[in-house]
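First comes the structure, then the notes that go with it.
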Amino acid sequence: MNVAPAPTAGYITRFWSPLAATWIMMSLEGPLLAALIARLPDPKINLAAYGIAFSIAILVEAPVMMLMSAATALVRDGDSYRRLRIFAHALNALSTLPLCLLLIPPVFDALVGGLLNLPPDVAGLTYGALWFFVPWTAAIGYRRFVHGVMIRAGATRRVAAGTLCRLGAMTGTAVVLFLFFELPGAWLGPASLVIGVLVEAVAARWMGAAAIRRTLDIPSPPANSAGSLTYRGIVTFYYPLALTSVIGLATHPMLTFFMGRAHAPLESLAVFPVIGALSFIFRAIGISYQEAAIALLGNDLEHRRVVGRFAAGLALACSLGLAVFAFDPFFSLWFETVSGLAPDLAAYAWVPVMLLVPLPALSVWLSYQRAVNVLRRRTRPITMATILEVAAIALIFAVTGWGLDLVGVTAAMIAFLGGRLLSNLYLEVHGETARLRRERRGG
């Protein structure tokens, strides 16, 4: 059997960098919108409402998040493309339903207004913001499926081009709404985001047409053969990944709920999306490496050493990048000049940013670990690692935020960092244990 030569660092960079650019462009959405909202009337209330609505939208979107990884790993011919496409459409529809139910006023009042104990003005802005997010999940699910097909076909530059369309549409919408409409800041953000993802979904289908045609032309294996993809196989493969996303993305709304009941709740809720937007710029680089690693590791992980070595260097660079913003003048430049926070509000962000410096490196490590498990068709350990992460976050916040009475956003970042480290360690130990078992069987 011919084995493809190991990819060089230069090839990995060329293949992965468009995906990194895609995620970096997406990470710029949060800072831009937060900066505009901070310059509109009632910034503290609107930033808090926008952060809460976005947390809910992210949680509703969670089941479709892994469609890109699934398409990259599973779509290898025309038949597998058609089956996974039907699965993706059904998943998109089912994932949109919870938000529609949440928007029924009595349900919203009970689950959001009552559970979070929001002030009436924040609750009203949050409810309006959620209406803008109704098309969000289906648009993201569809474009992630198409992007996975494009990555599998090597068309990573087209993926980046589509995201550039999204960023342009989102920015243009935000600027127009900011300049010409008296829309609350909490509504400006979701409206701009949704226009952006709808444009990107259309662009993905257009730019991915060639990759889809090539995939459809690949002969499919005989039905029920070892290489064929069945709906049962898709569900078995995907449901742990979907559960992973749901559990993992529950972290954001969970921390929002916790911070609302900790020290300095309104200040914490206001700076939380701004801190998250900054850290996401550097975490996104690591997240983008997952699909690249899935495509480059090789079906039998024969290129694991070189892909892992590249990940190690990338991890160090990402954390060093975030560390720069933990100190002046870059701290003040970002939080006060760019994000538009008042100095007294920006002060709440300094300690949390310091705490988050290792997180981008851990994100690269997690992406690499997940890629290895996805290629081995072992998706359940990924879910278990995420369950441990979220449980640790809840426990650590209870100790630091409620037991030690730390500022809510500071306790949240301590918990976030501790939970992610536990997730990384679990996957590392699990992978090493599985390797030893394979070696014993082989011996």
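Here are some notes:
- Every condition in (1) within 30 Å of residue 374 (Cβ to Cβ); (2) crowded, with 20+ Cβ neighbours inside 10 Å is met by residue 97 except one, and the failing one is (2).
- Test: residue in the range 224-231 that is at pLDDT 80 or above and either among the small types (Gly, Ala, Ser) or assigned to a helix (DSSP H, G or I) (or both): yes
- Evaluation of residue 47 against (1) closer than 23 Å to residue 266 by Cα; (2) in contact with a Phe, Trp or Tyr (Cβ under 8 Å, 6 or more places away or on another chain) (one fails), failing number: (2)
- Test result for residue 166, basic (Lys, Arg), within 30 Å of residue 218 (Cα to Cα) and part of a helix (DSSP H, G or I): no
- Scanning the range 266-324 for residues that are closer than 15 Å to residue 374 by Cβ and of a type in the set (Lys, Arg) returns a single hit, 304.
- Elements of type helices (runs of 4 or more DSSP H) contained in the range 19-134, each with 1 or more residues being over 18 Å from the mean Cα position of the chain (by Cα) and of a type in the set (Asp, Glu): 78-102, 120-132
- Within the range 4-28, considering residues that are of a type outside the set (A, V, I, L, M) and surrounded by 19 or more Cβ atoms within 10 Å (Cβ to Cβ), the one farthest from residue 280 (Cα to Cα): 7
- If only residues of the range 239-281 that are polar (S, T, N, Q) and farther than 19 Å from residue 60 by Cα are counted, the one that is nearest to the chain's Cα centre (by Cα) is 279.
- So residue 81, is it out of contact with any strand residue (DSSP E or B) (no Cβ under 7 Å at 6 or more places or on another chain) and surrounded by fewer than 24 Cβ atoms within 10 Å (Cβ to Cβ): yes
- Put simply, of 41, 63, 31 the only residue that is surrounded by fewer than 23 Cβ atoms within 10 Å (Cβ to Cβ) and touching a helix residue (DSSP H, G or I) at 6+ places or on another chain (Cβ under 6 Å) is 31.
- Residues in the range 69-121 that are modelled with pLDDT of 90 or more and among the β-branched types (Val, Ile, Thr): 86, 96, 104.
- Residue, nearest to the chain's Cα centre (by Cα), within the range 282-333, restricted to residues that are among the β-branched types (Val, Ile, Thr) and under 13 Å from residue 24 (Cβ atoms): 287
- Residue among 229, 243, 164, 188 that alone is closer than 22 Å to residue 51 by Cβ and touching a residue at least 12 places away in the same chain (Cβ under 8 Å): 188
- Only listed residue being crowded, with 19+ Cβ neighbours inside 10 Å and in a helix (DSSP H, G or I), chosen from 159, 176: 159
- Sole residue being under 19 Å from the mean Cα position of the chain (by Cα) and under 30 Å from residue 7 (Cα atoms), chosen from 366, 417: 366
- Among the residues making up the range 302-338, those that are farther than 18 Å from residue 9 by Cβ, of a type in the set (A, V, I, L, M) and surrounded by fewer than 21 Cβ atoms within 10 Å (Cβ to Cβ) are 320, 323, 324, 326, 333, 338.
- Looking only at the range 266-277, residues that are in contact with a Pro (Cβ under 7 Å, 6 or more places away or on another chain) and modelled with pLDDT of 85 or more come to 1 in all.
- Among the residues of the range 352-390, those identified as assigned to a helix (DSSP H, G or I) and touching a Pro at 6+ places or on another chain (Cβ under 8 Å) are 373, 380, 382, 383.
- Subset of the range 179-201 [farther than 22 Å from residue 57 by Cα and hydrophobic (A, V, I, L, M, F, W, C)]: 179, 180, 181
- Scanning the range 317-347 for residues that are in contact (Cβ under 8 Å) with a residue 12 or more places away in the chain and polar (S, T, N, Q) gives 319, 332, 339.
The values are calculated or read from the model by the stated rules, or taken from the named source; none is laboratory data. A quick note: this is a predicted structure, and the numbers were derived from the prediction, not measured. A quick note on method: Cβ atoms are made from the backbone with ideal geometry, for glycine too, and the neighbour counts reach across all protein chains shown.
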